[in-house]
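Input: a single structure, listed below in structure tokens.
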Amino acid sequence: MGKGKVKIKIDYTKCTQPTECRKCVNLCPEGVFMLFFTDKDFRNPTHYIVDAVLAQLCNYCKKCIEICPENAISLKVKKKYEKELYISR
Ligand code: SF4
Ligand code: SF4
């Protein structure tokens, strides 16, 4: 699961054109998301995905959920951080 307080999931059945969209990548104040290619054929836009590569930096501002036009991002606060993050938001 890795470090960090929030588990971030992207539904790739909804996020199908990340090279066109990139809203989460551009918006996240902590730089959590990255767009990268999944194999050597980097010229093919369908071979790209966004992922929460630096999820450990997430501050649970929820801006990515608000901006994602496909409703593809879900955030889940890890149990031991629930109090801390729910109180601060
Ligand atoms: S909740 Fe905020 S900090 Fe976390 S990934 Fe989304 S935009 Fe980035
Ligand atoms: S904002 Fe949503 S649809 Fe757009 S690239 Fe990010 S996860 Fe995919």
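The values are calculated or read from the model by the stated rules, or taken from the named source; none is laboratory data. Remember, it's a predicted structure, so these values are computed and weren't measured experimentally. All Cβ positions, glycine included, derive from the backbone under ideal geometry; neighbour counts span all protein chains shown.
For residue 79, state whether it is within 23 Å of residue 5 (Cβ to Cβ) and in contact with a strand residue (DSSP E or B) (Cβ under 8 Å, 6 or more places away or on another chain). When the stated conditions are applied, residue 79 does not pass them.
Just one of (1) on the phi > 0 side of the Ramachandran plot; (2) among the charged types (D, E, K, R); (3) surrounded by 14 or more Cβ atoms within 10 Å (Cβ to Cβ) fails for residue 62. It is (3). When residues in region 1-38 are screened for being part of a loop (DSSP other than H, G, I, E, B), modelled with pLDDT of 95 or more, of a type outside the set (D, E, K, R) and within 11 Å of ligand 1 (Cβ to nearest atom), 4 of them pass. The residues in region 58-89 that are in a helix (DSSP H, G or I) and closer than 23 Å to residue 38 by Cα can be counted, and the count is 1.
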